[in-house]
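Reviewing the structure listed below.
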Amino acid sequence: MSYNQAVDRTFRINGSLSIDGIFAVFVQGITITVDATVLQRDSIGTGTSIFTQNGDVIGSFSFSLKNTIDLYETTTNTAVDKSVTLWMQKIKDFTPAEVVFIQTINAPKATSENEGRITFTGRIMTPEILMAVDNAIEDVNVTGEITIFTSAVRDAPV
């Protein structure tokens, strides 16, 4: 197998993000970081590191959505839809919303298996509504914690 061939390069414009099976439109600037900062390194005197995980966080994510009215519920007590309303309500109740993310990337020129999917479960920790004066359309900047990493696989389109 050869790596980094021009035909296998991915294009962001062809990617998408699904949150609990709901396609989120206008997602931009997604960052997914799985890291070892939650691991505490211990030594038992043998020169070999022993790692202990502190908490359930194994990484972080962030992305932006264009702020559209359909991101908000029509009532204050919603419990089903994955919306900004629910995310804010859950934080207020000290139980951040857990959602499953599927980030699809696409290499349209690849000859086979031209899609990749990164799947993880995360908690929405900050749904920030950005209403900057110089933006024509406001943004919702979302950050959160990754608690379960499921997979990062290359596959044929479904």
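Scanning region 131-152 for residues that are exposed (fewer than 15 other Cβ atoms within 10 Å of the Cβ) and either at pLDDT below 85 or among the aromatic types (Phe, Trp, Tyr) (or both) turns up Met131, Ala132, Val133, Asp134, Asn135, Ala136, Ile137, Glu138.
The residues of region 88-109 that are surrounded by fewer than 16 Cβ atoms within 10 Å (Cβ to Cβ) and at pLDDT below 85, listed by number, are Pro108, Lys109.
Got a sec? Which of Gly45, Gly55 is part of a loop (DSSP other than H, G, I, E, B), at pLDDT 80 or above and at positive phi? Explain how you work it out, then say what you get.
Working: Gly45 fails: at pLDDT 80 or above.
Of the residues listed, the single one that is part of a loop (DSSP other than H, G, I, E, B), at pLDDT 80 or above and at positive phi is Gly55.
Residue by residue, here is whether (1) surrounded by 10 or more Cβ atoms within 10 Å (Cβ to Cβ); (2) more than 21 Å from the chain's Cα centre (by Cα); (3) at pLDDT below 75; (4) not in a loop (DSSP other than H, G, I, E, B) holds:
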| site | (1), (2), (3), (4) |
| --- | --- |
| Phe51 | yes, yes, no, yes |
| Phe61 | yes, no, no, yes |
| Ser64 | yes, no, no, yes |
| Thr74 | no, yes, no, no |
| Val80 | no, no, yes, no |
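The single residue among Thr143, Thr111, Thr119, Thr147 that is among the hydroxyl-bearing types (Ser, Thr, Tyr), within 30 Å of Ala6 (Cβ to Cβ), assigned to a strand (DSSP E or B) and in contact (Cβ under 8 Å) with a residue 24 or more places away in the chain turns out to be Thr119.
The values are calculated or read from the model by the stated rules, or taken from the named source; none is laboratory data. Predicted model, so just to flag it, every value in this text is computed and none were measured. So basically every Cβ, Gly included, is an ideal-geometry build from the backbone, and we count neighbours across all protein chains shown.
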